[in-house]
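Single-structure report; data block below.
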Amino acid sequence: MTKKGKSSRPKQTNHRLIISGLMAFFVILIFIGVLATPGTAGDQPKLVQVVQSGKSFSQTLKTFKKEVAQAGWSVLNMNNMAGVLSERGFTLHPVVTLDVCKGKYSVQILSNDAYRPISAFMPCRVSIYQTSDGKVFMARMNTGAVVSMMPPEVAEIMSASDREIAEVIAKTVR
């Protein structure tokens, strides 16, 4: 007879399972939203907020970086998507994504082991792009559409962060 031994795999806590489930649910919602809804500025997916800028692409980008700094945020990364694809032989209108962060919000999430899976959605990402008709837009995740799926403390942090980024974008496009 063999003895039934304990599994060598540690058990996950209920809290971790809940967070993992929420993360999986959120990812599924994103894919459903992106697949089910066209992504134009006039007909946006509910998970994305889009604001038109009255400025040129380069002026919008320059102003956004200035407003981010003035609000106490940092630009961690800037990805010139059209530039990278151009190097590979594709021609696109300008598309730049910027990863922005404010330490006071990030540390509240990242310092708690139970909330670290939320790091998959960090830092805040904002895209600035130009359409084929020359219009310039700024897009970001619609935080309000997802915070109800987060633990209350994380929802509060993400909502506060979202309000600040919304103000930065509003100042950018004025």
Q) Between region 114-163 and region 90-113, what is the C-alpha centre distance in whole Å? A) 9 Å
**Q.** Loop chymotrypsin sites (Phe, Trp or Tyr not before Pro), region 45-142, which have at most 11 other Cβ atoms in a 10 Å radius of their Cβ (DSSP)
**A.** Phe90
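Each value in this text was obtained by applying a stated rule to the coordinates, not by laboratory testing. Everything numeric here is computed off the predicted structure, so don't read it as measured data. Because the Cβ atoms are built from the backbone with ideal geometry, glycine has one as well, and the counts that use them run over all protein chains shown.
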